[in-house]
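The values are calculated or read from the model by the stated rules, or taken from the named source; none is laboratory data. Keep in mind that this is a model prediction, so the values were computed, not measured. All Cβ positions, even for glycine, are placed from backbone atoms using ideal geometry, and neighbour counts span all protein chains on display.
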Amino acid sequence: MRTKEDFIFTIGYDGPAAVIDGQAKKLYSKLTAGELAEKGFFRAACSASVWSNDPAEIQNVADIYNKTAMSSGSQGSPVTPEALQRLFGVFMADVKRSIVL
């Protein structure tokens, strides 16, 4: 099982191994999902909220994302928490190995 920080900063997969952004992990691993979203790290924030399995936290990240998107002039519909997970490709996966870049 990977650590929470590895899951949050996974940027992709190389076969059965998760590819981790080591620099981002080092700099931002202490931040909460909401703090990551406020800084604009929406994929990491989405991952943190999925790891927590707290619907309120996932909704908070979606709300911050929607607020940011609307303030930048986006004319689309608000994104639901489920759509946010699909947008960023965040899902729980059973990965045994990690590669840190």
| task | Only residues that are under 17 Å from F41 (Cα atoms) and of a type in the set (D, E, K, R): list them for segment 59-101, please. | result | D63, K67, R86
| request: Look through segment 64-101, keep the residues that are free of Cβ contacts under 8 Å to residues at least 12 places away in the same chain and basic (K, R), and return whichever of them is nearest to T10 (Cα to Cα). | output: R86
| Scan of segment 1-27 for residues that are surrounded by fewer than 18 Cβ atoms within 10 Å (Cβ to Cβ), of a type in the set (G, A, S) and touching a strand residue (DSSP E or B) at 6+ places or on another chain (Cβ under 8 Å), ordered by number | G12, A17, G22
| field | The lone exception for L87 - which of (1) part of a helix (DSSP H, G or I); (2) over 10 Å from the mean Cα position of the chain (by Cα); (3) surrounded by 17 or more Cβ atoms within 10 Å (Cβ to Cβ); (4) aliphatic (A, V, I, L, M) it fails | value | (3)
| Which of the residues that make up segment 45-63 are crowded, with 18+ Cβ neighbours inside 10 Å and either touching a strand residue (DSSP E or B) at 6+ places or on another chain (Cβ under 9 Å) or without any contact (Cβ under 8 Å) to a residue 12 or more places away in the chain (or both)? | S47
| message | Is it the case, given these coordinates, that S72 is surrounded by fewer than 19 Cβ atoms within 10 Å (Cβ to Cβ), among the polar types (S, T, N, Q), more than 24 Å from R2 (Cβ to Cβ) and at pLDDT below 95? | response | yes
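With respect to N66, determine if the residue is among the polar types (S, T, N, Q), crowded, with 17+ Cβ neighbours inside 10 Å and either at pLDDT 95 or above or not in a helix (DSSP H, G or I) (or both).
No; evaluated as a whole, the condition is false for this residue.
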| request: Considering each residue of segment 90-101, count those that are over 11 Å from the mean Cα position of the chain (by Cα), of a type outside the set (A, V, I, L, M) and loosely packed, with under 13 Cβ neighbours inside 10 Å, and give that number. | output: 3
| query | Going by the structure shown, is I58 among the hydrophobic types (A, V, I, L, M, F, W, C), under 14 Å from the mean Cα position of the chain (by Cα) and assigned to a strand (DSSP E or B)? | reply | no
